[in-house]
Each structure stands twice: as C-alpha cells, then as structure tokens.
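Here's the structure we're looking at; comments come further down.
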Amino acid sequence: MRIIAVMNQKGGVGKTTTSVNLAAGLAQLGRRVCVVDLDPQAHSSIHLGVEVQGGTDSIYQVFAGAKTFPDVTQMVAQNLWLAPADIDLAATELELVDAPGREYILKQALNQAEVAKKFDYLVMDCPPSLGVLTINALSAANEVFIPLQPHFFALQGLSKLFETTALVTRRLNRELRVSGIVLCLYDTGTRLAGDVTDDLMLFLEQSDPQAPWANAKVFNTKIRRNIKLAEAPSHGHSIFQYAPSSAGAQDYQNLVLEVVAAEQEAEQDDRLAA
Ligand code: ADP
Ligand code: MG
C-alpha cells in the first residue's frame, strides 16, 4: 500500500485538486484508492460530492478515538473511497495538545490488516499548516508529494517544507521520503514558470544525498492552469467525470501514469524499509 501525503503549508497551491484528481485517475486504472481528507475545510470531501454535516462519520472521530478508520470510509465511485473531514477537525489541534503519542494517532488507525487489504493507495490531503494534522499525515505516510505553484517565492517556502520533513523523518518516521513535486497552476510558455522549474531541479541536484528529498522527482507532467479544474469541485465530481476531454483531465491522466510507473520502485523501498 502506498501512503502518500499531499502537503504544502501554503494554501491555494493545488493540494486538494491534486489529491482528488490523482486519486480518481488511479481508481480509473483499477487501483483501490482512499482519499483521506485532513483539512477541516473539507474541500476534498466536497469535491468528491460528499456533503459533510454534523453527524456524518468523519476522520475527526478517528482522532477522537470514537471510530476506526474503516468505519468512517465511504465509497464514492468505483475503486474510490473517502474518509471525509468536517469542521470539527479544526478542534483536533487543540484537543490533542496534551495527548501522549498525538503524532501517531493516524498511523495507528491505519496500521490494521483490514486497511492494507482493502486499499492500494491512500492519498492524504493535508491542511495548509504544519500543525498536528499534517504531522500525523507525515508520520503515517511513506511518501510526500508537494504541489507547487511556480512563482518567485515558491522555492523559499519549499526549504521550510523540506526542513519539516527532515525533522519528522529524524524523529517520527525514518521511512518517509519526498518522492514527487507537482507543478500546478502552470502557465505554459512564461519565463517565470520555466525559471522556477530550472531552479528547483538545480536545488534538488545539489541537495545532501541523505536528505529525505534527495530522490524527489519533479514530475514531467505540469498541471496547466485550466478553468475546468476550478469548476469541477462545485459539481462534486473529479475532472474525469466533469470534463474528461479538458486539458486538466489530460494533465492529471499523465500525472497518474507517472505515479503508476513508480509503483515497483515504491514497493522495493517498502521492502528495504521492512
Ligand atoms: P490547496 O488545496 O493547496 O489550497 P486547491 O487545490 O484548492 O489548493 O486550489 C486552489 C484553487 O485553485 C481552487 O479554487 C482550485 O479549484 C483552483 N485550481 C487548482 N489547480 C488549478 C489549475 N490547474 N487550473 C485552474 N484552477 C486550479
Ligand atoms: Mg486544500
């Protein structure tokens, strides 16, 4: 099972769009995928057509110790499941302040034979912060994908993010590695987008080979800015249902193919870690 945390402490960079459409694309290829919505804003739940109201089973109850992970997952399409978020999740940060082992609650909830048997992929959509929910995602994950919007300050934010993953790797999860960087909201043909991409490649090449991001790959597929991707969430559908022939669907389909191509590598890493 590949457990991927889609993470960036900045908002509006494409975390949710990437989590939902990557998951939906993998599901179309026959992989059994569960989106884990860790953002109290519940954007990926809404994007997948799940109206979250008080009383709906959500990942909040897993953090509160009231439900198991399989209990709160629901099927939203063929091969595609969702562990929804709800606004209560905003309280989790506070509620867990003094809880012992609070960084590992999600990891423990996922560490059940039933979960590994049921899913090939877990895709965790992180909130735009580095709080306890994101730390839980990083403790539970084996991979991190970072969506990045190519602009002048993007690399600055990235170093901060890398520092966090290095810290988590040292203290909480030695197996964690940053495996992919997805350029989102990409303006093809602009000088800036090209420059940021080049700088990013250089930065990765010059990194310490021991760093958890040393083998991160900048996906060849760039997710172009495409209005259909912005419209799809309000219809409660992935891009593949909402606008299957759009540039957005094409780009995410290509990304999915790159992610699937790395399956064997990920499996090998898993075995080495075990
Ligand atoms: P995050 O989860 O990091 O906050 P989102 O995935 O919600 O970011 O994206 C922020 C906004 O940009 C959303 O309104 C989303 O619909 C829109 N968006 C994301 N990617 C694209 C894209 N490639 N083209 C056009 N709009 C996009
Ligand atoms: Mg989001």
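So here's what we get for this one:
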item: Candidate set from the range 208-264 (those that are among the hydroxyl-bearing types (Ser, Thr, Tyr) and either away from ligand 2 (no atom under 16 Å from the Cβ) or not in a helix (DSSP H, G or I) (or both)); member that is surrounded by the most Cβ atoms within 10 Å (Cβ to Cβ); result: 238
item: Residue check, residue 53 surrounded by fewer than 17 Cβ atoms within 10 Å (Cβ to Cβ) and modelled with pLDDT of 95 or more; result: no
item: Among (1) outside any helix (DSSP H, G or I); (2) touching a strand residue (DSSP E or B) at 6+ places or on another chain (Cβ under 7 Å) - the single one residue 193 does not satisfy; result: (1)
item: Counted residues, the range 119-137 - those being touching a Cys at 6+ places or on another chain (Cβ under 6 Å) and assigned to a strand (DSSP E or B); result: 1
item: Pairs with Cβ under 9 Å, 6+ apart, first in the range 215-238 and hydroxyl-bearing (Ser, Thr, Tyr), second not in a helix (DSSP H, G or I); result: 221/182; 221/183; 238/48; 238/77; 238/80
item: Single unsatisfied condition, residue 131 versus (1) within 16 Å of ligand 1 (Cβ to nearest atom); (2) without any contact (Cβ under 8 Å) to a residue 12 or more places away in the chain; result: (2)
item: Failed condition for residue 154, given (1) more than 16 Å from ligand 1 (Cβ to nearest atom); (2) among the aliphatic types (A, V, I, L, M); (3) in contact with a strand residue (DSSP E or B) (Cβ under 7 Å, 6 or more places away or on another chain); result: (1)
item: Of residues in the range 105-129 being of a type in the set (A, V, I, L, M, F, W, C) and surrounded by fewer than 16 Cβ atoms within 10 Å (Cβ to Cβ), the one farthest from ligand 2 (Cβ to nearest atom); result: 113
item: Leading residue by the ranking (surrounded by the fewest Cβ atoms within 10 Å (Cβ to Cβ)) among those in the range 170-206 that are farther than 12 Å from residue 155 by Cβ and of a type in the set (Asp, Glu); result: 205
item: Selection from the range 84-104 of residues that are surrounded by 21 or more Cβ atoms within 10 Å (Cβ to Cβ) and closer than 23 Å to residue 164 by Cβ; result: 85, 89, 92
item: Residue count for the range 18-50, restricted to those that are within 10 Å of ligand 2 (Cβ to nearest atom) and crowded, with 21+ Cβ neighbours inside 10 Å; result: 9
item: Residue 188 touching a Pro at 6+ places or on another chain (Cβ under 9 Å), among the polar types (S, T, N, Q), modelled with pLDDT under 95 and within 20 Å of residue 12 (Cα to Cα); result: no
item: Among the residues listed as 156, 108, the single one being at pLDDT 95 or above and out of contact with any helix residue (DSSP H, G or I) (no Cβ under 8 Å at 6 or more places or on another chain); result: 108
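The values are calculated or read from the model by the stated rules, or taken from the named source; none is laboratory data. Quick caveat, the model's predicted, so the values are computed rather than measured. Here the Cβ is made from the backbone with ideal geometry for all residues, glycine too, and neighbour counts use every protein chain on show.
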